[in-house]
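Remarks on the structure that follows.
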2 protein chains.
Amino acid sequence: MDEEIKKALSRIVGEENFTDRLIDLVTYSYDASDHSHRPDAALWALHADQVSQILRLANEHGFPVTPRGAGTSLTGAAVPAGGGVVLDLCRMNRILDIRIADRLVVVQPGVVYADLEKTLAPSGFFFPPDPASGKVCTIGGNAATNAGGLRGAKYGVTRDYVLGLQIVLPDGRILRTGTGCMKSASGYDLTRLFVGSEGTLGVITEITLKISPRPLATTTACAMFQDLRNAGRAVSDIMHSGIIPSVLEVLDSHAVRVLRDKSDIVLPEGEAMILTETDGCTEGETAYQMDAIIRLFRKNNAAEIQLARSSEEAEGLWRARKAVGSAAAKLRTNNVSEDVTIPISRVPDLLTGVAAIVARHGLPFVIFGHAGDGNLHPKIMFDHSDPDQVRKVQQAVEEIFRLTCSLGGTLSGEHGIGLAKAPFMALEHDPVAMDLMRSLKRLLDPKNILNPGKLGL
Amino acid sequence: MDEEIKKALSRIVGEENFTDRLIDLVTYSYDASDHSHRPDAALWALHADQVSQILRLANEHGFPVTPRGAGTSLTGAAVPAGGGVVLDLCRMNRILDIRIADRLVVVQPGVVYADLEKTLAPSGFFFPPDPASGKVCTIGGNAATNAGGLRGAKYGVTRDYVLGLQIVLPDGRILRTGTGCMKSASGYDLTRLFVGSEGTLGVITEITLKISPRPLATTTACAMFQDLRNAGRAVSDIMHSGIIPSVLEVLDSHAVRVLRDKSDIVLPEGEAMILTETDGCTEGETAYQMDAIIRLFRKNNAAEIQLARSSEEAEGLWRARKAVGSAAAKLRTNNVSEDVTIPISRVPDLLTGVAAIVARHGLPFVIFGHAGDGNLHPKIMFDHSDPDQVRKVQQAVEEIFRLTCSLGGTLSGEHGIGLAKAPFMALEHDPVAMDLMRSLKRLLDPKNILNPGKLGL
């Protein structure tokens, strides 16, 4: 990158918000994925006007700009694949407005999920998507990737809560989408064109979020099944029952075994474990729902059922689910964690199908995830220094994507596409849909300066 | 329209699905709005391939195509403003798939809302948006206009339930958007680009809808306030309380008066009436929420509170809300019903502001609507044969739109834009947003054949 351009960038954001030091550029080469590419410079923008000037300059000189929040992407969405500039939005981290009676907050993109949660706690409200990286990830990243979490079946994902955005378009123009109203049927849904677009169509500089009251009561229980099909039928029966549990997590036999072997958690053996939570305003409501669920566990031959009688006991049940990722990660130096999603009734098919695929390639793995919305996380452990294992994991992942799409599923329930899944987009989307996505990208970003190389476009 | 083109259209759909008889063309000139324009022909399509052929022909010869469901639009969205062909989708009316365990149904666009509701009832599930025209309106129309109803505050609108679409693009290509999964973060959100686009970007030929379990218990209550500000504070307090009522309807003093004068419903006088409903799985849950609401009614000096002790009593309370539209309509031969929406805390400001505007023009009116999501329906009565009254109502409506947008509101919460609000889009959307909407329209429909003249584009 030309030194003159670097000077111009530095003038836009101020010297203290510009860097081309090697140590910074190495850091900004990575996100939480296996992908990396070094940028030529990194910038911290402080307001939308700076973002606008940066994008105008990028259009003029044709260098790529990759927006970035906390860099927790598991798919390479924040990796500057084409070099150029990383545009770090973490210093735009103010909560601009909290309006409980209007059920909304207005935040800058760099606000950390957990900080918003903490700020909202005294009001009894929250922003429900609850991504697993919530302690560090930013709301801007949540919106850009349509982030989700384990309460999605009842509470939905980020898309369902973004009411409006301030966006800087690739040509530098600034616009507002959406409203501060709970509903609107006024023109094209520009807001959701940008939500989940992974920073390829515009840079999000302000977000208006709908918030919800936090449930006052919860009940937690856990069931072990000796037969995967029984667990699958229990999930299916629960979804038929008229109860929408706030949590319905499944752990496969490999996850159960890893927890028994690699953690201090005491678990019976089993082919599948289900952790569930119901919520509401009253304990009667949560108990009613949990009774119905437990009846369905029993009907489907659950070998063991534990119902938490206190919040301490509930935490105990949660420990297994929370520990499974890190316990499994101990098996090898590296791992990939996918987030394939299928229609809920196909959960058993995906569990058995994925297990067969990964076993065939001889790699250790676990599968866990959100049965209530069909979002499963196959986590495969391997050693990056062994080319044979790398090849095997790549093959296994591709086969998992093919299986998922053949079951009517989607490549991503909550992590997004980024670089990692870009080559597989055509497995899920038909040629006309892919062409339409490419047309939208060309319309908004004809010079392809904004986060190029992502989404398979 | 050239006779050769008519013959070609008739060949595509079959003679029995083509008409250019005057009586049919007059019928298809109208929807439920005050707007009208006569088409040159009308067609019933039976499948997506026919729609594709029709749109290819339209592109070739440059005639407009206006898709239509049941024609219940209050904004002229289904009026063929540029002539050409009305494409009636009501004969594509099959429910293609019901998959309760997957929480979804797949329907053709001509399925009537009430028919889907009836079909789903035995399963205990429903498609929640519940538009007021539900007895006759079609799911295709719901999706095309992002229809909503009076349970929006708790259950959301059509946009929140459309998982995927089959779409015929203006150039005749057919694509599938979205998935049959509860969540997806895979590429641009093409589904929501089409939801609410009022048939200007593509023709919806199949819809995959998320469905929800119907609540098992409800409680209904009603409160009369002698002071509008007190009612407004009650709404605000309820939204702060952590309770999201499934219904929170407000009727202004004019609505109360019309019901007293023009119906057999016995009501005390008052400045504002609130009807509310809470729901859940158990009676304890609904009672807990209702107790909290009633405490807030009392705190804000409600003059009279009625709590329904049976489903018959609940129906009695609903009667006032349900009768207000028709009771008011008796005042003059014509009326307009708007659906302006503001942030919830501005409900009292909009109620008093609208009342002042319409009173200044000397026309009878009522205001009612969904306080829980800030969506109000000012209904103004007038006589269409009196040019002075027509001018006054037009002026009043424009002033209402200006007031709404100045309060941070949106022109439409649930009716859409169509022809009626097209001239006012720039009050709500900034020039860059308007330009982006126009660019999207040009990208997808460069010859402007699909429902031209709508949305102010």
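The values are calculated or read from the model by the stated rules, or taken from the named source; none is laboratory data. Note that the structure is predicted; figures quoted are calculated from it, not measured. Note that each Cβ is placed from the backbone with ideal geometry, even for glycine, and that neighbours are counted across all protein chains shown. The protein model used for the area step is the full one, side chains on, heavy atoms only, and it has no ligands, DNA or RNA in it. Shrake-Rupley method; radii C 1.70, N 1.55, O 1.52, S 1.80 Å.
Things to note:
- Any pair with Cβ under 8 angstrom, 6 or more apart, that starts in segment B:95-107 at a residue that is more than 7 Å from every other protein chain (Cβ to nearest Cβ) and ends at one that is outside any helix (DSSP H, G or I) and among the aromatic types (Phe, Trp, Tyr): B:Val105/B:Phe127
- Being within 10 Å of another protein chain (Cβ to nearest Cβ), touching a helix residue (DSSP H, G or I) at 6+ places or on another chain (Cβ under 9 Å) and either surrounded by fewer than 19 Cβ atoms within 10 Å (Cβ to Cβ) or among the β-branched types (Val, Ile, Thr) (or both) is a description that applies to A:Leu443.
- The lone criterion from (1) within 7 Å of chain B (Cβ to nearest Cβ); (2) touching an Asp or Glu at 6+ places or on another chain (Cβ under 7 Å); (3) open to solvent by 20 Å² or more (accessible area, probe 1.4 Å) left unmet by A:Gly148 is number (3).
- Matching residues, segment A:252-287, being in a helix (DSSP H, G or I) and within 11 Å of chain B (Cβ to nearest Cβ): A:Glu283, A:Gly284, A:Glu285, A:Thr286, A:Ala287
- Tally of residues being open to solvent by 20 Å² or more (accessible area, probe 1.4 Å) and more than 7 Å from chain A (Cβ to nearest Cβ) across segment B:430-440: 3
- Qualifying residue in segment A:374-382 (condition: under 30 Å from B:Thr208 (Cα atoms), out of contact with any strand residue (DSSP E or B) (no Cβ under 9 Å at 6 or more places or on another chain) and either within 14 Å of chain B (Cβ to nearest Cβ) or surrounded by 24 or more Cβ atoms within 10 Å (Cβ to Cβ) (or both)): no
- Subset of segment B:336-366 that is under 18 Å from the mean Cα position of the chain (by Cα) and closer than 21 Å to B:Arg391 by Cβ - its residue that is surrounded by the most Cβ atoms within 10 Å (Cβ to Cβ): B:Val340
- Qualifying residue in segment B:133-146 (condition: free of Cβ contacts under 8 Å to residues at least 24 places away in the same chain and not acidic (Asp, Glu)): yes
- Single residue of B:Gly413, B:Gly408, B:Gly418 found to be assigned to a loop (DSSP other than H, G, I, E, B) and either without any contact (Cβ under 8 Å) to a residue 24 or more places away in the chain or more than 7 Å from every other protein chain (Cβ to nearest Cβ) (or both): B:Gly418
- Considering (1) open to solvent by 30 Å² or more (accessible area, probe 1.4 Å); (2) within 30 Å of B:His240 (Cβ to Cβ); (3) touching a Phe, Trp or Tyr at 6+ places or on another chain (Cβ under 9 Å), the lone condition that A:His254 does not fulfil carries the number (2).
- Positions within segment B:391-429 being closer than 19 Å to B:Thr352 by Cα, in contact with a strand residue (DSSP E or B) (Cβ under 8 Å, 6 or more places away or on another chain) and open to solvent by 30 Å² or more (accessible area, probe 1.4 Å), in sequence order: B:Lys392
- Breaking point among (1) more than 30 Å from A:Arg99 (Cα to Cα); (2) modelled with pLDDT of 95 or more, for B:Leu331: (2)
- Cross-chain or 6+ apart pairs with Cβ under 8 Å, segment B:116-130 first and among the hydroxyl-bearing types (Ser, Thr, Tyr), then part of a helix (DSSP H, G or I): B:Ser123/A:His240; B:Ser123/B:Ile100
- Apart from one condition, B:Asp171 fits all of (1) of a type in the set (D, E, K, R); (2) free of Cβ contacts under 8 Å to residues at least 40 places away in the same chain; (3) more than 9 Å from every other protein chain (Cβ to nearest Cβ); the exception is (2).
- Taking the numbered list (1) in contact with a Pro (Cβ under 9 Å, 6 or more places away or on another chain); (2) farther than 25 Å from B:Tyr161 by Cβ; (3) modelled with pLDDT of 95 or more in turn, A:Leu228 passes all entries but (3).
- Answer residue from segment A:288-335, given it is within 25 Å of B:Glu285 (Cα to Cα) and part of a loop (DSSP other than H, G, I, E, B) and is nearest to the chain's Cα centre (by Cα) among those: A:Ala308
- Taking the numbered list (1) closer than 24 Å to B:Ile417 by Cβ; (2) surrounded by fewer than 18 Cβ atoms within 10 Å (Cβ to Cβ) in turn, B:His47 passes all entries but (1).
- Matching entry among B:Thr179, B:Thr219 (being in contact with a strand residue (DSSP E or B) (Cβ under 9 Å, 6 or more places away or on another chain), farther than 30 Å from B:Ile274 by Cβ, buried (at least 24 other Cβ atoms within 10 Å of the Cβ) and within 13 Å of chain A (Cβ to nearest Cβ)): B:Thr179
- Every residue from segment A:123-145 that is within 11 Å of another protein chain (Cβ to nearest Cβ) and either aliphatic (A, V, I, L, M) or part of a strand (DSSP E or B) (or both): A:Phe125, A:Phe126, A:Ala144
- Residue count, segment A:186-201 (criterion: facing another protein chain (nearest Cβ under 7 Å), of a type outside the set (S, T, N, Q), outside any helix (DSSP H, G or I) and touching a strand residue (DSSP E or B) at 6+ places or on another chain (Cβ under 6 Å)): 1
- Which listed residue is in the same structural domain as A:Glu283 (by TED's automatic domain parsing) and assigned to a loop (DSSP other than H, G, I, E, B), from A:Leu376, A:Leu350, A:Leu363: A:Leu363
- When A:Ile204 is tested against (1) more than 9 Å from chain B (Cβ to nearest Cβ); (2) crowded, with 24+ Cβ neighbours inside 10 Å; (3) closer than 20 Å to B:Asp373 by Cβ; (4) not small (Gly, Ala, Ser), exactly one condition is not met: (3).
- Considering segment A:233-247, and only residues there that are in a helix (DSSP H, G or I) and within 14 Å of A:Lys154 (Cα to Cα), the residue that is modelled with the lowest pLDDT turns out to be A:Met239.
- A:Gly71 being of a type in the set (Gly, Ala, Ser) and not assigned by TED's automatic domain parsing to the domain that holds A:Ser36: no
- In the set (1) in a loop (DSSP other than H, G, I, E, B); (2) within 14 Å of chain B (Cβ to nearest Cβ); (3) within 24 Å of A:Ala255 (Cβ to Cβ), A:Phe401 fails one condition alone, (1).
- Test: residue in segment B:68-84 that is open to solvent by less than 70 Å² (accessible area, probe 1.4 Å), in a helix (DSSP H, G or I) and closer than 23 Å to B:Lys447 by Cα: no
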